[in-house]
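See structure below.
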Amino acid sequence: MLNLDYDEMFKISIWALKINRSYPTIAKDKIWLLTIIPVHGFFCFGFCLIINSMIFHDLKIGNFSAACTNGIFSVLFICVSFKYLVMITKSKDIVTAINKVKNDYTAADFLCSEEQAITSAYANRASWVTKIWLLTSCSTFSVFPLQVVVLTIYYYAIGDSKFVHMYQMTYPGDLEVNKNEPFTYFFLLFMQCYYGFYTLLMYVGFTPLGLIFMLHACGRLEIVKYRIGNLFNGETYDEREIRQRLKNIVMPLQDVLDFVDLLKETFRVVYEVYMKATTVVFPIALYEILEAFKESRISIEFMTFIVAGTVLCFAPCYYSDLLMEKGLDLRMSVYASGWEVYPDSAMRRTLVIILCRLEREVAIRTLFRTVNLDAFSEVKLHIF
(Lines give C-alpha, C1' and ligand atoms only; values in the text may rest on other atoms or scores of the structure.)
Protein backbone atom coordinates (compact mmCIF):
# COMPACT_ATOMS: atom_id res chain seq x y z
CA MET A 1 0.00 0.00 0.00
CA LEU A 2 1.42 3.37 -1.06
CA ASN A 3 -0.89 5.49 1.12
CA LEU A 4 -0.13 8.64 -0.86
CA ASP A 5 -2.04 11.49 0.77
CA TYR A 6 -2.29 14.70 -1.28
CA ASP A 7 -3.35 16.82 1.70
CA GLU A 8 -0.40 15.60 3.75
CA MET A 9 2.25 15.74 1.01
CA PHE A 10 1.34 19.25 -0.10
CA LYS A 11 0.15 20.68 3.20
CA ILE A 12 2.54 23.63 2.90
CA SER A 13 0.79 24.93 -0.21
CA ILE A 14 -2.67 24.13 1.17
CA TRP A 15 -1.91 25.79 4.50
CA ALA A 16 -0.69 29.00 2.82
CA LEU A 17 -3.75 29.28 0.55
CA LYS A 18 -6.16 28.59 3.38
CA ILE A 19 -4.63 31.31 5.54
CA ASN A 20 -5.15 33.96 2.87
CA ARG A 21 -8.60 32.49 2.15
CA SER A 22 -7.94 31.74 -1.52
CA TYR A 23 -8.02 27.92 -1.41
CA PRO A 24 -10.58 26.83 -4.03
CA THR A 25 -12.63 24.60 -1.71
CA ILE A 26 -13.35 27.51 0.67
CA ALA A 27 -16.95 28.60 0.11
CA LYS A 28 -17.14 32.11 -1.39
CA ASP A 29 -20.00 33.20 0.84
CA LYS A 30 -20.68 36.21 3.08
CA ILE A 31 -18.28 34.96 5.75
CA TRP A 32 -15.52 34.69 3.14
CA LEU A 33 -16.31 38.20 1.87
CA LEU A 34 -16.28 39.69 5.37
CA THR A 35 -12.92 37.99 5.95
CA ILE A 36 -11.24 38.91 2.70
CA ILE A 37 -12.16 42.61 2.78
CA PRO A 38 -9.91 43.44 5.76
CA VAL A 39 -7.31 40.77 4.85
CA HIS A 40 -6.77 41.99 1.29
CA GLY A 41 -7.78 45.56 2.11
CA PHE A 42 -4.83 46.10 4.45
CA PHE A 43 -2.57 44.63 1.76
CA CYS A 44 -4.06 47.15 -0.69
CA PHE A 45 -3.43 49.95 1.83
CA GLY A 46 0.28 49.08 1.80
CA PHE A 47 0.23 49.17 -2.00
CA CYS A 48 -1.36 52.63 -1.98
CA LEU A 49 1.41 53.93 0.29
CA ILE A 50 4.02 52.50 -2.08
CA ILE A 51 2.39 54.09 -5.15
CA ASN A 52 2.06 57.40 -3.31
CA SER A 53 5.76 57.38 -2.45
CA MET A 54 6.81 56.39 -5.97
CA ILE A 55 4.64 58.86 -7.93
CA PHE A 56 4.32 61.88 -5.65
CA HIS A 57 7.81 61.87 -4.15
CA ASP A 58 10.45 59.59 -5.73
CA LEU A 59 9.77 60.42 -9.38
CA LYS A 60 8.94 64.04 -8.55
CA ILE A 61 12.37 64.71 -7.05
CA GLY A 62 14.21 62.44 -9.49
CA ASN A 63 15.11 59.71 -7.00
CA PHE A 64 15.01 56.90 -9.54
CA SER A 65 16.65 54.37 -7.23
CA ALA A 66 13.84 54.67 -4.67
CA ALA A 67 11.27 54.73 -7.47
CA CYS A 68 12.63 51.45 -8.85
CA THR A 69 12.56 49.87 -5.40
CA ASN A 70 8.94 50.84 -4.87
CA GLY A 71 8.19 49.78 -8.44
CA ILE A 72 9.28 46.22 -7.63
CA PHE A 73 7.08 46.16 -4.54
CA SER A 74 4.12 47.43 -6.59
CA VAL A 75 4.68 44.65 -9.15
CA LEU A 76 4.45 42.16 -6.29
CA PHE A 77 1.02 43.54 -5.37
CA ILE A 78 -0.19 43.23 -8.97
CA CYS A 79 1.10 39.64 -9.25
CA VAL A 80 -0.41 38.57 -5.91
CA SER A 81 -3.79 40.15 -6.73
CA PHE A 82 -3.73 38.50 -10.14
CA LYS A 83 -3.03 35.09 -8.60
CA TYR A 84 -5.86 35.63 -6.13
CA LEU A 85 -8.16 36.41 -9.06
CA VAL A 86 -7.05 33.21 -10.81
CA MET A 87 -7.76 31.18 -7.67
CA ILE A 88 -11.31 32.57 -7.68
CA THR A 89 -12.13 32.47 -11.39
CA LYS A 90 -10.44 29.11 -12.04
CA SER A 91 -11.46 27.48 -8.75
CA LYS A 92 -13.52 24.73 -10.45
CA ASP A 93 -10.67 23.78 -12.78
CA ILE A 94 -8.15 23.76 -9.93
CA VAL A 95 -10.45 21.63 -7.77
CA THR A 96 -10.87 19.25 -10.72
CA ALA A 97 -7.09 18.97 -11.08
CA ILE A 98 -6.61 18.42 -7.34
CA ASN A 99 -9.30 15.73 -7.26
CA LYS A 100 -7.72 14.07 -10.30
CA VAL A 101 -4.38 13.80 -8.48
CA LYS A 102 -6.07 12.54 -5.31
CA ASN A 103 -8.02 9.87 -7.22
CA ASP A 104 -4.89 8.70 -9.02
CA TYR A 105 -3.05 8.43 -5.71
CA THR A 106 -5.89 6.32 -4.31
CA ALA A 107 -6.00 4.10 -7.42
CA ALA A 108 -2.22 3.64 -7.27
CA ASP A 109 -2.69 1.13 -4.44
CA PHE A 110 -4.10 -1.31 -7.04
CA LEU A 111 -1.31 -0.91 -9.59
CA CYS A 112 1.60 -3.27 -10.09
CA SER A 113 4.77 -2.64 -8.12
CA GLU A 114 6.58 -0.96 -11.05
CA GLU A 115 3.72 1.48 -11.67
CA GLN A 116 3.43 2.16 -7.95
CA ALA A 117 7.13 3.03 -7.89
CA ILE A 118 6.63 5.50 -10.76
CA THR A 119 3.66 7.15 -9.05
CA SER A 120 5.50 7.39 -5.75
CA ALA A 121 8.64 8.81 -7.35
CA TYR A 122 6.81 11.66 -9.06
CA ALA A 123 4.66 12.37 -6.00
CA ASN A 124 7.74 12.63 -3.79
CA ARG A 125 9.44 14.79 -6.39
CA ALA A 126 6.46 17.17 -6.39
CA SER A 127 6.56 17.30 -2.58
CA TRP A 128 10.28 18.10 -2.74
CA VAL A 129 9.63 20.94 -5.20
CA THR A 130 7.05 22.41 -2.81
CA LYS A 131 9.57 22.41 0.04
CA ILE A 132 12.31 23.92 -2.13
CA TRP A 133 9.99 26.72 -3.21
CA LEU A 134 9.06 27.35 0.45
CA LEU A 135 12.77 27.67 1.27
CA THR A 136 13.37 29.99 -1.70
CA SER A 137 10.41 32.25 -0.88
CA CYS A 138 11.17 32.45 2.83
CA SER A 139 14.83 33.20 2.11
CA THR A 140 13.83 36.07 -0.15
CA PHE A 141 11.27 37.74 2.08
CA SER A 142 13.11 37.14 5.36
CA VAL A 143 15.98 39.36 4.21
CA PHE A 144 13.96 42.51 4.92
CA PRO A 145 13.01 41.86 8.58
CA LEU A 146 16.48 40.46 9.26
CA GLN A 147 17.95 43.65 7.87
CA VAL A 148 15.83 45.65 10.33
CA VAL A 149 17.02 43.54 13.27
CA VAL A 150 20.69 43.62 12.26
CA LEU A 151 20.77 47.37 11.61
CA THR A 152 18.88 48.12 14.83
CA ILE A 153 21.44 46.12 16.82
CA TYR A 154 24.29 47.78 14.91
CA TYR A 155 23.08 51.32 15.57
CA TYR A 156 22.51 50.47 19.23
CA ALA A 157 26.02 49.03 19.49
CA ILE A 158 27.65 52.20 18.12
CA GLY A 159 25.56 54.39 20.42
CA ASP A 160 23.31 55.81 17.71
CA SER A 161 19.99 54.12 18.54
CA LYS A 162 17.25 54.83 16.03
CA PHE A 163 14.30 53.18 14.37
CA VAL A 164 15.09 51.29 11.15
CA HIS A 165 12.30 51.02 8.56
CA MET A 166 11.91 47.86 6.52
CA TYR A 167 11.19 49.71 3.25
CA GLN A 168 12.40 53.22 2.63
CA MET A 169 9.29 55.13 1.62
CA THR A 170 7.99 58.67 1.91
CA TYR A 171 4.57 58.65 3.55
CA PRO A 172 1.74 61.13 3.07
CA GLY A 173 0.99 63.87 5.60
CA ASP A 174 1.35 63.16 9.31
CA LEU A 175 2.63 59.63 8.70
CA GLU A 176 5.84 61.04 7.27
CA VAL A 177 6.18 63.66 10.01
CA ASN A 178 5.65 61.13 12.82
CA LYS A 179 7.14 58.01 11.23
CA ASN A 180 9.89 57.82 13.85
CA GLU A 181 7.48 58.14 16.76
CA PRO A 182 7.18 54.76 18.54
CA PHE A 183 3.48 54.14 17.87
CA THR A 184 3.64 55.27 14.23
CA TYR A 185 6.90 53.37 13.64
CA PHE A 186 5.52 50.07 14.91
CA PHE A 187 2.30 50.56 12.94
CA LEU A 188 4.28 51.11 9.74
CA LEU A 189 6.57 48.18 10.58
CA PHE A 190 3.53 45.95 11.08
CA MET A 191 2.06 47.14 7.78
CA GLN A 192 5.30 46.42 5.93
CA CYS A 193 5.67 42.99 7.56
CA TYR A 194 2.07 42.21 6.69
CA TYR A 195 2.68 43.24 3.06
CA GLY A 196 5.64 40.88 2.85
CA PHE A 197 3.90 38.03 4.69
CA TYR A 198 0.77 38.25 2.52
CA THR A 199 2.93 38.17 -0.61
CA LEU A 200 4.86 35.21 0.80
CA LEU A 201 1.64 33.25 1.44
CA MET A 202 0.47 33.60 -2.14
CA TYR A 203 3.83 32.68 -3.63
CA VAL A 204 4.25 29.66 -1.31
CA GLY A 205 0.69 28.48 -1.89
CA PHE A 206 -0.03 29.21 -5.54
CA THR A 207 3.27 28.78 -7.38
CA PRO A 208 3.80 25.04 -6.63
CA LEU A 209 0.31 24.08 -7.86
CA GLY A 210 1.20 24.05 -11.53
CA LEU A 211 4.45 22.19 -10.82
CA ILE A 212 2.63 19.54 -8.78
CA PHE A 213 0.16 18.96 -11.61
CA MET A 214 2.84 18.87 -14.32
CA LEU A 215 4.91 16.33 -12.42
CA HIS A 216 1.82 14.21 -11.86
CA ALA A 217 1.12 14.28 -15.62
CA CYS A 218 4.74 13.22 -16.25
CA GLY A 219 4.24 10.25 -13.94
CA ARG A 220 1.05 9.21 -15.71
CA LEU A 221 2.77 9.37 -19.10
CA GLU A 222 5.61 7.27 -17.68
CA ILE A 223 3.09 4.62 -16.60
CA VAL A 224 1.52 4.56 -20.08
CA LYS A 225 5.01 4.20 -21.59
CA TYR A 226 5.70 1.27 -19.25
CA ARG A 227 2.48 -0.43 -20.37
CA ILE A 228 3.33 0.08 -24.04
CA GLY A 229 6.70 -1.56 -23.41
CA ASN A 230 4.82 -4.60 -22.09
CA LEU A 231 2.14 -4.57 -24.77
CA PHE A 232 3.50 -7.47 -26.79
CA ASN A 233 5.30 -9.29 -24.00
CA GLY A 234 4.48 -12.97 -23.95
CA GLU A 235 5.52 -16.16 -25.64
CA THR A 236 2.32 -16.49 -27.68
CA TYR A 237 0.07 -13.97 -29.40
CA ASP A 238 -3.25 -13.72 -27.53
CA GLU A 239 -5.58 -11.35 -29.36
CA ARG A 240 -7.94 -10.90 -26.40
CA GLU A 241 -5.09 -10.16 -24.00
CA ILE A 242 -3.53 -7.66 -26.41
CA ARG A 243 -6.85 -5.81 -26.75
CA GLN A 244 -7.20 -5.62 -22.97
CA ARG A 245 -3.68 -4.25 -22.70
CA LEU A 246 -4.51 -1.70 -25.40
CA LYS A 247 -7.58 -0.65 -23.43
CA ASN A 248 -5.39 -0.17 -20.35
CA ILE A 249 -3.19 2.10 -22.47
CA VAL A 250 -5.73 4.14 -24.45
CA MET A 251 -7.99 5.09 -21.55
CA PRO A 252 -5.23 6.33 -19.18
CA LEU A 253 -3.54 8.11 -22.09
CA GLN A 254 -6.71 9.98 -23.01
CA ASP A 255 -7.20 10.76 -19.34
CA VAL A 256 -3.75 12.30 -18.92
CA LEU A 257 -4.01 14.25 -22.20
CA ASP A 258 -7.32 15.71 -21.02
CA PHE A 259 -5.59 16.58 -17.75
CA VAL A 260 -2.81 18.42 -19.63
CA ASP A 261 -5.43 20.31 -21.66
CA LEU A 262 -7.04 21.38 -18.39
CA LEU A 263 -3.67 22.64 -17.14
CA LYS A 264 -3.12 24.55 -20.37
CA GLU A 265 -6.43 26.34 -19.96
CA THR A 266 -5.95 27.02 -16.24
CA PHE A 267 -2.36 28.30 -16.28
CA ARG A 268 -2.19 29.80 -19.78
CA VAL A 269 -2.33 33.42 -18.61
CA VAL A 270 -0.49 32.75 -15.33
CA TYR A 271 2.78 31.69 -16.95
CA GLU A 272 2.54 34.51 -19.49
CA VAL A 273 2.36 36.94 -16.56
CA TYR A 274 5.32 35.18 -14.90
CA MET A 275 7.48 35.79 -17.94
CA LYS A 276 6.34 39.37 -18.44
CA ALA A 277 6.83 40.20 -14.74
CA THR A 278 10.32 38.70 -14.86
CA THR A 279 11.30 40.94 -17.77
CA VAL A 280 10.08 43.95 -15.75
CA VAL A 281 11.51 43.10 -12.33
CA PHE A 282 14.95 41.81 -13.38
CA PRO A 283 16.28 45.03 -15.00
CA ILE A 284 15.01 47.08 -12.05
CA ALA A 285 16.62 44.74 -9.52
CA LEU A 286 19.90 44.76 -11.50
CA TYR A 287 19.81 48.56 -11.57
CA GLU A 288 19.37 48.64 -7.79
CA ILE A 289 22.29 46.23 -7.30
CA LEU A 290 24.55 48.37 -9.52
CA GLU A 291 23.50 51.54 -7.70
CA ALA A 292 24.34 49.86 -4.39
CA PHE A 293 27.79 48.92 -5.72
CA LYS A 294 28.39 52.57 -6.63
CA GLU A 295 27.66 53.46 -3.01
CA SER A 296 30.07 50.73 -1.80
CA ARG A 297 27.35 48.54 -0.34
CA ILE A 298 25.80 45.18 -1.23
CA SER A 299 22.08 45.01 -1.99
CA ILE A 300 21.39 41.53 -0.62
CA GLU A 301 17.61 41.95 -0.76
CA PHE A 302 17.59 42.55 -4.51
CA MET A 303 20.08 39.77 -5.13
CA THR A 304 17.57 37.43 -3.49
CA PHE A 305 14.87 38.87 -5.76
CA ILE A 306 17.01 37.91 -8.75
CA VAL A 307 17.43 34.35 -7.46
CA ALA A 308 13.74 33.93 -6.57
CA GLY A 309 12.62 35.44 -9.88
CA THR A 310 14.90 33.08 -11.79
CA VAL A 311 13.48 30.07 -9.96
CA LEU A 312 9.91 31.35 -10.42
CA CYS A 313 10.35 31.60 -14.19
CA PHE A 314 12.66 28.60 -14.64
CA ALA A 315 10.65 25.98 -12.70
CA PRO A 316 7.49 25.91 -14.88
CA CYS A 317 9.64 26.08 -18.02
CA TYR A 318 11.75 23.14 -16.85
CA TYR A 319 8.86 20.91 -15.81
CA SER A 320 6.78 21.76 -18.86
CA ASP A 321 9.84 20.88 -20.95
CA LEU A 322 10.05 17.60 -19.02
CA LEU A 323 6.38 16.98 -19.75
CA MET A 324 7.00 17.59 -23.44
CA GLU A 325 9.97 15.21 -23.33
CA LYS A 326 7.82 12.50 -21.74
CA GLY A 327 5.26 12.95 -24.51
CA LEU A 328 7.92 12.54 -27.18
CA ASP A 329 9.36 9.47 -25.42
CA LEU A 330 5.89 7.96 -25.28
CA ARG A 331 5.37 8.52 -28.99
CA MET A 332 8.69 6.86 -29.79
CA SER A 333 7.85 3.91 -27.54
CA VAL A 334 4.57 3.40 -29.43
CA TYR A 335 6.39 3.43 -32.76
CA ALA A 336 9.10 1.05 -31.49
CA SER A 337 6.73 -1.32 -29.69
CA GLY A 338 7.00 -4.03 -32.37
CA TRP A 339 3.44 -3.66 -33.70
CA GLU A 340 4.53 -4.36 -37.30
CA VAL A 341 4.96 -8.11 -36.74
CA TYR A 342 1.36 -8.67 -35.56
CA PRO A 343 -1.49 -9.15 -38.05
CA ASP A 344 -4.43 -7.59 -36.13
CA SER A 345 -5.54 -4.55 -38.19
CA ALA A 346 -7.75 -3.18 -35.37
CA MET A 347 -4.76 -3.15 -33.06
CA ARG A 348 -2.68 -1.35 -35.69
CA ARG A 349 -5.39 1.27 -36.22
CA THR A 350 -5.51 1.91 -32.47
CA LEU A 351 -1.76 2.45 -32.32
CA VAL A 352 -1.90 4.78 -35.35
CA ILE A 353 -4.58 6.83 -33.57
CA ILE A 354 -2.33 7.03 -30.50
CA LEU A 355 0.59 8.20 -32.68
CA CYS A 356 -1.58 10.85 -34.33
CA ARG A 357 -2.84 12.07 -30.97
CA LEU A 358 0.72 12.39 -29.70
CA GLU A 359 1.76 14.52 -32.69
CA ARG A 360 0.50 17.50 -30.71
CA GLU A 361 3.13 18.49 -28.16
CA VAL A 362 2.27 17.52 -24.61
CA ALA A 363 3.25 20.74 -22.88
CA ILE A 364 1.83 23.83 -21.20
CA ARG A 365 1.28 26.90 -23.38
CA THR A 366 0.96 30.57 -22.59
CA LEU A 367 -0.99 32.96 -24.79
CA PHE A 368 1.87 33.22 -27.27
CA ARG A 369 4.37 30.39 -26.77
CA THR A 370 5.05 26.94 -25.40
CA VAL A 371 6.37 26.96 -21.84
CA ASN A 372 9.74 25.22 -22.09
CA LEU A 373 13.45 25.89 -21.67
CA ASP A 374 13.57 27.69 -25.04
CA ALA A 375 11.00 30.16 -23.73
CA PHE A 376 13.09 30.66 -20.58
CA SER A 377 16.15 31.35 -22.75
CA GLU A 378 14.18 33.94 -24.75
CA VAL A 379 13.17 35.72 -21.54
CA LYS A 380 16.79 35.88 -20.40
CA LEU A 381 17.83 37.09 -23.87
CA HIS A 382 15.31 39.94 -23.72
CA ILE A 383 16.54 40.96 -20.26
CA PHE A 384 20.25 40.99 -21.04
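The values are calculated or read from the model by the stated rules, or taken from the named source; none is laboratory data. Computed from a predicted model, the values in this text were never measured in an experiment. Methodologically, a virtual Cβ is constructed for each residue, glycine included, from the backbone with ideal geometry; neighbour enumeration extends over all protein chains shown. The area values use the complete protein model at the heavy-atom level, side chains included, leaving out ligands, DNA and RNA. Shrake-Rupley method; radii C 1.70, N 1.55, O 1.52, S 1.80 Å.
Some observations on this one:
- When the Cα convex hull of the range 173-296 is projected onto planes of every orientation, the mean area is 14.3 nm².
- Sorting 220-230, 29-39, 356-366, 200-210 by average packing, meaning the other beta carbons within 10 Å per residue, from highest down gives 200-210, 220-230, 356-366, 29-39.
- Of Ala117, Ala336, Ala108, the one that fluctuates the most in a GNM where the chain has Cα springs shorter than 10 Å: Ala336
- Per residue accessible area of the chain, 1.4 Å probe, in Å²: 49
- Its alpha carbons considered, the range 1-159 gives a radius of gyration followed by a Dmax of 21.6, 69 Å.
- Taking Leu111, Leu367 and ordering them by how much accessible surface each has at a 1.4 Å probe, largest first, produces Leu367, Leu111.
- Seen from all directions on average, the range 6-383 presents a Cα convex hull projection of 23.2 nm².
- The equivalent ellipsoid of the range 242-384 has semi-axes of 46, 13, 11 Å, largest first, where each one is the square root of 5 times an eigenvalue of the Cα gyration tensor.
- Distance between the 7 Å Cα→Cβ label points at Leu175 and Arg360: 4.9 nm.
- Percent RCO, i.e. relative contact order, over the chain, from Cα pairs under 8 Å lying at least 6 residues apart: 21
- At the residue level, Glu114 shows approximately 90 square angstrom of accessible surface with a 1.4 angstrom probe and all protein chains present.
- Counting only DSSP H runs of at least 4 residues, each contributing -39500 (n - 2.57), and dividing by the residue count of the chain, the helix-based mean residue ellipticity at 222 nm comes to -27000 deg cm²/dmol.
- For the residue pairs Lys102/Lys225; Lys18/Lys100; Lys131/Lys276; Lys100/Lys276, alpha carbon separations beyond 23 Å are given by Lys131/Lys276; Lys100/Lys276.
- Sequence-distant aspartates and glutamates (8 or more away, or on other chains) whose Cα lies within less than 13 Å of Lys83: Glu272
- Cα-based equivalent ellipsoid of the range 115-207: semi-axis lengths in Å, sorted from largest, via gyration tensor: 40, 16, 7
- Solvent exposure, largest accessible area first (probe 1.4 Å, DNA, RNA and ligands not counted), of Cys68, Cys48: Cys48, Cys68
- Each Lys or Arg adds one and each Asp or Glu takes one away; over the other residues whose Cβ falls under 9 Å from the Cβ of His216, this sums to +1.
- Accessible area per residue (1.4 Å probe, heavy atoms of protein chains only) ranks Phe141, Phe163 as Phe163, Phe141, with the largest value leading.
- Eligible aspartates and glutamates near Lys162 by straight Cα distance, threshold 16 Å, same-chain separation 8 or greater: Glu176, Glu181
- Cut-off 13 Å between beta-carbons: net charge of the residues surrounding Ala67, Lys and Arg +1, Asp and Glu -1: -2
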